[in-house]
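S.K.: Pasting in a structure now, in structure tokens, and then I'll have a few things to ask.
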Amino acid sequence: MATEKSTPQPTRLWLLEHVCPYWCERIVDPQGGFYESLNAQGQANKLPLKTVLNQARLTYVFSHASVLGGDDSLRRAADYGFDFLQRASVVNGHVNGWPRAMSALGEVLDPARDTYDQAFVIFAMAWYYRASASQEALHLAEQTFEFLETRLADAELGGFFEEYPATGKLPRRQNPHMHLLEAVLAMHAATGQQIWLDRATRLITLFSRIFFDEKTGSLAEFFDAAWTLADDAPGLLREPGHQFEWVWLLQQYLQQATDLTPDIRDNLQGHADRLFEFGSQYGIDITGPLQGLVFDAVTADGQAIATSKLLWPQTEYIKACIARFEVTHDAGYRWQAFAHADLMLIHFFRSDGANWVNHIARDGTPLVSDTPSRVLYHLFLAASELIRMDES
């Protein structure tokens, strides 16, 4: 992955001709769906359980890879994931939401319908439609959103509950709504249909009203049943990766919502500015062997409470830097995105250049051995943004 714009090839070749084929060769379960993880040697952990989250995220990855010009094996993997999801969704000819987990043969292992999972199904359908022009993908996405509105929407206070059947699960989280925003924006980008942008606008309103902490300029994570900030430590927790993820999503929304009034546009841009400032000031390690990498968690007043590093916050910082570059046209942000990608490769990736240590301590010690397949979504999306910068 290059740190200069001299050639567009390195990121594209690394992603589409090395990383994606590596995972595609290992992660497809011949009995159905995708395996949930690889071990340190790059071998699939061949367990029967298949989470819908992982199936949707990998269907997205291989669909987007196909859109970017990946070879036929990647498109076949996208088809394989779509077929598995399609079979898992249909009950008596109707979508009834996707269960949290199933077997390779489609037997339901966990029947709960999780809002977070449904968001990723919609996201996968958007990208599979772009790869295949499948009208069924659009139909499934619409039915999934209708399921959310019918079974999980909070008609009184806004947003969505955590899971169906309703259990009163707490705390309520911003996270499913963040990914639902990502999904409906992807659907709008894929189809141009105004209804998906209208749905995004409702989620943006919830962000401004509930999730954004005006006092600190940060994103809160956890809430009680009435959307009041959770008590004690959960209410104080801030995940730097999510600060950066919202910076990128707000930029996506501002690019797509072209008819916003100047005051609304300025207000949302101000939120994005403050989120990036908070995440950059408090969420990035400034000492030690992993200097420059993003912490897992801090408090609302900026105290680091989890100095370990997961891979995914690094990818979100890359995306946020690209969003900042597109707003400010300051080439320093573009440079920082590529520099952070290099840091990520140095500190997380195994010698094969496609598998990684997903969680490391502040001193660089690995904290886990297996690599969750679902995190490939984060890596792929950040790398695709780097490709876009390379080739623009």
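S.K.: Specify the residue that is surrounded by the fewest Cβ atoms within 10 Å (Cβ to Cβ); the eligible residues are those in the stretch 265-290 that are within 30 Å of ALA200 (Cα to Cα) and touching a strand residue (DSSP E or B) at 6+ places or on another chain (Cβ under 7 Å).
M.R.: ILE284
S.K.: Let me ask another. Can you tell me how many residues within the stretch 26-55 are charged (D, E, K, R) and either without any contact (Cβ under 8 Å) to a residue 12 or more places away in the chain or crowded, with 20+ Cβ neighbours inside 10 Å (or both)?
M.R.: Of the residues in the stretch 26-55, 2 are charged (D, E, K, R) and either without any contact (Cβ under 8 Å) to a residue 12 or more places away in the chain or crowded, with 20+ Cβ neighbours inside 10 Å (or both).
S.K.: Being closer than 25 Å to ARG238 by Cα and more than 19 Å from the chain's Cα centre (by Cα) narrows it down to one residue among HIS359, HIS347; which is it?
M.R.: Of HIS359, HIS347, the one residue that is closer than 25 Å to ARG238 by Cα and more than 19 Å from the chain's Cα centre (by Cα) is HIS347.
S.K.: Something else about it: I'd like the full set of residues that are touching a residue at least 40 places away in the same chain (Cβ under 8 Å) and loosely packed, with under 15 Cβ neighbours inside 10 Å, limited to the stretch 291-301.
M.R.: Of everything in the stretch 291-301, just one residue is touching a residue at least 40 places away in the same chain (Cβ under 8 Å) and loosely packed, with under 15 Cβ neighbours inside 10 Å, namely ASP301.
S.K.: Just the residues that are free of Cβ contacts under 8 Å to residues at least 24 places away in the same chain and hydroxyl-bearing (Ser, Thr, Tyr), please, taken from the stretch 363-392.
M.R.: THR365, SER392
S.K.: Working carefully through the options GLY97, GLY106, GLY70, GLY81, find the one that is farther than 30 Å from ILE387 by Cα, touching a helix residue (DSSP H, G or I) at 6+ places or on another chain (Cβ under 8 Å) and crowded, with 23+ Cβ neighbours inside 10 Å.
M.R.: Going through GLY97, GLY106, GLY70, GLY81 in turn, just one is farther than 30 Å from ILE387 by Cα, touching a helix residue (DSSP H, G or I) at 6+ places or on another chain (Cβ under 8 Å) and crowded, with 23+ Cβ neighbours inside 10 Å: GLY97.
S.K.: Check ALA226, ALA306 and return the single one that is free of Cβ contacts under 8 Å to residues at least 24 places away in the same chain, surrounded by fewer than 21 Cβ atoms within 10 Å (Cβ to Cβ) and over 27 Å from LEU185 (Cβ atoms).
M.R.: Of ALA226, ALA306, the one residue that is free of Cβ contacts under 8 Å to residues at least 24 places away in the same chain, surrounded by fewer than 21 Cβ atoms within 10 Å (Cβ to Cβ) and over 27 Å from LEU185 (Cβ atoms) is ALA306.
S.K.: Take the stretch 221-245 and flag every residue that is within 14 Å of MET178 (Cβ to Cβ), part of a loop (DSSP other than H, G, I, E, B) and out of contact with any Lys or Arg (no Cβ under 7 Å at 6 or more places or on another chain).
M.R.: Across the stretch 221-245, the qualifying residue is only GLU239.
S.K.: Is it the case that the stretch 309-331 has a residue that's without any contact (Cβ under 8 Å) to a residue 60 or more places away in the chain, in a helix (DSSP H, G or I) and more than 22 Å from the chain's Cα centre (by Cα)?
M.R.: Scanning the stretch 309-331, I find at least one residue that is without any contact (Cβ under 8 Å) to a residue 60 or more places away in the chain, in a helix (DSSP H, G or I) and more than 22 Å from the chain's Cα centre (by Cα), so the answer is yes.
S.K.: Can you say whether ARG76 is modelled with pLDDT of 95 or more and surrounded by fewer than 16 Cβ atoms within 10 Å (Cβ to Cβ), as far as the supplied structure shows?
M.R.: yes
S.K.: Scan the stretch 231-247 and report the pairs whose first residue is without any contact (Cβ under 8 Å) to a residue 24 or more places away in the chain and whose second residue is crowded, with 24+ Cβ neighbours inside 10 Å, with Cβ atoms within less than 8 Å and a gap of 6+ or a chain change.
M.R.: Listed pairs, sorted by first residue: none to list.
S.K.: Take the residues in the stretch 176-194 that are within 15 Å of TYR128 (Cα to Cα) and among the aliphatic types (A, V, I, L, M); name whichever of them is surrounded by the fewest Cβ atoms within 10 Å (Cβ to Cβ).
M.R.: Taking the candidates together, the pick is ALA189.
S.K.: Restricting attention to the stretch 332-377, which residues are among the basic types (Lys, Arg), farther than 13 Å from LEU293 by Cβ and not in a helix (DSSP H, G or I)?
M.R.: Of everything in the stretch 332-377, just one residue is among the basic types (Lys, Arg), farther than 13 Å from LEU293 by Cβ and not in a helix (DSSP H, G or I), namely ARG350.
S.K.: Would you mind finding the one in ARG274, ARG209, ARG265, ARG199 that is assigned to a helix (DSSP H, G or I) and without any contact (Cβ under 8 Å) to a residue 40 or more places away in the chain?
M.R.: None of the other options fit; the residue is ARG265.
The values are calculated or read from the model by the stated rules, or taken from the named source; none is laboratory data. Keep in mind that what you see is a predicted model, and the values were worked out from it rather than measured. Positions of Cβ are generated from backbone atoms using ideal geometry, with glycine treated the same way; all protein chains shown enter the neighbour counts.
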